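Participant: Handing you a structure now.
The values are calculated or read from the model by the stated rules, or taken from the named source; none is laboratory data. Owing to the predicted nature of the structure, the values given are computational and were not obtained by experimental measurement. SASA here: full protein model, heavy atoms, side chains in, ligands and nucleic acids out. Shrake-Rupley method; radii C 1.70, N 1.55, O 1.52, S 1.80 Å.
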Amino acid sequence: MSCGSTQCSQTHPFPSIEIPAPFAGSGRVLARLAAWLLRFYDRQQQRRVLMELDDHMLADIGVTREQAAAEGRKPFWLSAQRAFTVSN
(Lines give C-alpha, C1' and ligand atoms only; values in the text may rest on other atoms or scores of the structure.)
Protein backbone atom coordinates (compact mmCIF):
# COMPACT_ATOMS: atom_id res chain seq x y z
CA MET A 1 0.00 0.00 0.00
CA SER A 2 1.49 3.34 -0.97
CA CYS A 3 1.03 6.72 0.65
CA GLY A 4 -0.77 9.28 -1.46
CA SER A 5 0.13 12.35 0.57
CA THR A 6 3.36 13.91 1.71
CA GLN A 7 2.43 13.13 5.30
CA CYS A 8 2.62 9.36 5.67
CA SER A 9 2.39 7.50 8.95
CA GLN A 10 3.22 4.13 7.38
CA THR A 11 6.86 3.05 7.71
CA HIS A 12 8.50 1.81 4.54
CA PRO A 13 10.56 -1.40 4.61
CA PHE A 14 13.54 0.27 2.90
CA PRO A 15 15.18 3.47 4.06
CA SER A 16 15.70 6.25 1.54
CA ILE A 17 19.12 6.13 -0.08
CA GLU A 18 21.13 9.19 -1.00
CA ILE A 19 22.70 8.80 -4.44
CA PRO A 20 26.25 10.24 -4.61
CA ALA A 21 26.61 13.27 -6.88
CA PRO A 22 28.77 11.59 -9.59
CA PHE A 23 26.04 9.00 -10.13
CA ALA A 24 23.02 11.24 -9.70
CA GLY A 25 22.34 11.75 -13.41
CA SER A 26 21.55 8.63 -15.38
CA GLY A 27 23.09 10.32 -18.44
CA ARG A 28 26.47 10.45 -16.73
CA VAL A 29 26.23 6.83 -15.71
CA LEU A 30 25.35 5.75 -19.23
CA ALA A 31 28.14 7.90 -20.68
CA ARG A 32 30.68 6.33 -18.31
CA LEU A 33 29.43 2.84 -19.14
CA ALA A 34 29.63 3.55 -22.88
CA ALA A 35 33.17 4.94 -22.52
CA TRP A 36 34.19 1.87 -20.51
CA LEU A 37 32.79 -0.52 -23.13
CA LEU A 38 34.38 1.42 -26.00
CA ARG A 39 37.75 1.32 -24.23
CA PHE A 40 37.49 -2.48 -23.95
CA TYR A 41 36.48 -2.81 -27.60
CA ASP A 42 39.32 -0.52 -28.73
CA ARG A 43 41.84 -2.45 -26.63
CA GLN A 44 40.75 -5.75 -28.18
CA GLN A 45 40.93 -4.30 -31.71
CA GLN A 46 44.46 -3.00 -31.09
CA ARG A 47 45.58 -6.41 -29.84
CA ARG A 48 44.06 -8.09 -32.88
CA VAL A 49 45.94 -5.73 -35.22
CA LEU A 50 49.17 -6.27 -33.27
CA MET A 51 48.83 -10.03 -33.75
CA GLU A 52 48.40 -9.53 -37.52
CA LEU A 53 51.60 -7.51 -38.00
CA ASP A 54 54.42 -9.26 -39.81
CA ASP A 55 57.88 -9.68 -38.27
CA HIS A 56 59.32 -6.70 -40.15
CA MET A 57 56.62 -4.36 -38.84
CA LEU A 58 57.02 -5.71 -35.32
CA ALA A 59 60.78 -5.11 -35.53
CA ASP A 60 60.09 -1.52 -36.61
CA ILE A 61 58.18 -0.86 -33.38
CA GLY A 62 60.63 -2.85 -31.24
CA VAL A 63 58.34 -5.72 -30.36
CA THR A 64 59.16 -9.41 -30.78
CA ARG A 65 56.69 -11.97 -32.10
CA GLU A 66 56.57 -13.54 -28.62
CA GLN A 67 55.74 -10.19 -26.98
CA ALA A 68 53.02 -9.51 -29.54
CA ALA A 69 51.55 -12.98 -29.00
CA ALA A 70 51.60 -12.55 -25.22
CA GLU A 71 49.83 -9.18 -25.51
CA GLY A 72 47.32 -10.59 -27.99
CA ARG A 73 46.35 -13.40 -25.61
CA LYS A 74 45.46 -11.02 -22.77
CA PRO A 75 41.76 -10.69 -22.00
CA PHE A 76 40.19 -7.39 -23.05
CA TRP A 77 39.75 -6.16 -19.48
CA LEU A 78 43.50 -6.17 -18.73
CA SER A 79 45.34 -3.02 -19.70
CA ALA A 80 48.68 -3.01 -21.49
CA GLN A 81 50.57 -1.19 -18.75
CA ARG A 82 54.15 -2.44 -18.60
CA ALA A 83 53.42 -4.91 -21.37
CA PHE A 84 56.82 -4.57 -23.01
CA THR A 85 60.11 -4.10 -21.24
CA VAL A 86 62.30 -1.40 -22.68
CA SER A 87 65.98 -2.20 -22.82
CA ASN A 88 68.52 0.62 -22.94
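Participant: Of the numbered conditions (1) outside any helix (DSSP H, G or I); (2) at pLDDT 90 or above, HIS56 satisfies every one except a single condition; which is it?
Facilitator: So HIS56 meets the others, but not (1).
Participant: Something else now. Testing THR64 on (1) open to solvent by 80 Å² or more (accessible area, probe 1.4 Å); (2) of a type outside the set (A, V, I, L, M); (3) at pLDDT 90 or above, one condition comes back false. Which one is that?
Facilitator: Looking at each condition in turn, THR64 falls short on (1).
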